[in-house]
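Enquirer: Could you have a look at this structure, given as structure tokens, before my questions?
The values are calculated or read from the model by the stated rules, or taken from the named source; none is laboratory data. Predicted model only: the values in this text are computed from it and were never measured. We place every Cβ from the backbone using ideal geometry, glycine too, and count neighbours over all the protein chains shown.
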Amino acid sequence: MTPTRQQMLIAVAAGGSALLLAGALAFQYLGGLAPCTLCIWQRWPHVAAVLIGLAAFTLGGRLLPLLGALAALTTAGIGLFHVGVEQKWWEGLASCSGGSITGISTADLLDPTVTVGAVVRCDAIAWQMAGISMAGWNMIASLLLALIWLTAVRRA
């Protein structure tokens, strides 16, 4: 059976989110770049988009591709916020822009045998290409994915 145009668009959009997730995990586990809180937040809508894509590919219709577009726009919005924090356009989360140790127990802080990793700051750019940070690239790619999702909505 040949996939419909809508199914092809859904596969491209959901596959794009899967590739962005794979890239983020590769930077983390192969490149050694620990993610900040906002980086983690940007991943969850991609997970949702992949799951929505699996359902939408099978079920079709307009609602699921619309939800896929919403997921892509959500991660793009978080990416835009993250870029603003990196560029010092606005304040970031207190938990990752101010060197917070939230979530680390007092016992661990006082125990010299426990290694407490450095806080990963949301306002520090860990990697960039062509002057655009990972958060910026995520925003750009996610906006493109949202357009693909919306084209799939129109093809229903």
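Enquirer: Against the definition (loosely packed, with under 14 Cβ neighbours inside 10 Å, out of contact with any Gly (no Cβ under 9 Å at 6 or more places or on another chain) and at pLDDT below 80), how does S105 come out, yes or no?
Expert: Details: loosely packed, with under 14 Cβ neighbours inside 10 Å: yes; out of contact with any Gly (no Cβ under 9 Å at 6 or more places or on another chain): yes; at pLDDT below 80: yes.
Yes.
Enquirer: Considering each of A34, A11, A26 in turn, give the residue that is farther than 17 Å from L144 by Cβ, modelled with pLDDT of 95 or more and surrounded by fewer than 19 Cβ atoms within 10 Å (Cβ to Cβ).
Expert: Within the list A34, A11, A26, the selection yields A26.
Enquirer: What are the pairs, 6+ residues apart or on separate chains, where a residue within region 132-156 that is more than 26 Å from T37 (Cα to Cα) has its Cβ under 6 Å from a residue that is modelled with pLDDT under 95 and surrounded by fewer than 20 Cβ atoms within 10 Å (Cβ to Cβ)?
Expert: Hits for this filter: V153/R62; R155/R5; A156/G61; A156/R62.
Enquirer: I want to confirm something. Restricting to region 37-59 and keeping residues that are of a type in the set (A, V, I, L, M, F, W, C) and under 11 Å from the mean Cα position of the chain (by Cα), which single residue is surrounded by the most Cβ atoms within 10 Å (Cβ to Cβ)? Spell out the reasoning first.
Expert: Here is the first cut: in region 37-59, the residues of a type in the set (A, V, I, L, M, F, W, C) are 38-41, 44, 47-52, 54-57, 59.
Subsequent filtering for residues that are under 11 Å from the mean Cα position of the chain (by Cα) retains 38-41, 44, 47-49.
On the way: L38: 23, C39: 23, I40: 14, W41: 18, W44: 14, V47: 14, A48: 18, A49: 32.
Here the residue is A49.
Enquirer: May I ask you to verify whether A55 is under 17 Å from W137 (Cβ atoms) and among the small types (G, A, S)? Please lay out each step first, then the result.
Expert: Details: under 17 Å from W137 (Cβ atoms): no; among the small types (G, A, S): yes.
Spelling it out, it is not the case that A55 is under 17 Å from W137 (Cβ atoms) and among the small types (G, A, S).
Enquirer: Is region 26-47 home to any residue that is more than 29 Å from R121 (Cα to Cα) and among the β-branched types (V, I, T)? Walk me through it before giving the result.
Expert: First pass over region 26-47, keeping only residues more than 29 Å from R121 (Cα to Cα): none.
Among the residues of region 26-47, not one is more than 29 Å from R121 (Cα to Cα) and among the β-branched types (V, I, T), which makes the answer no.
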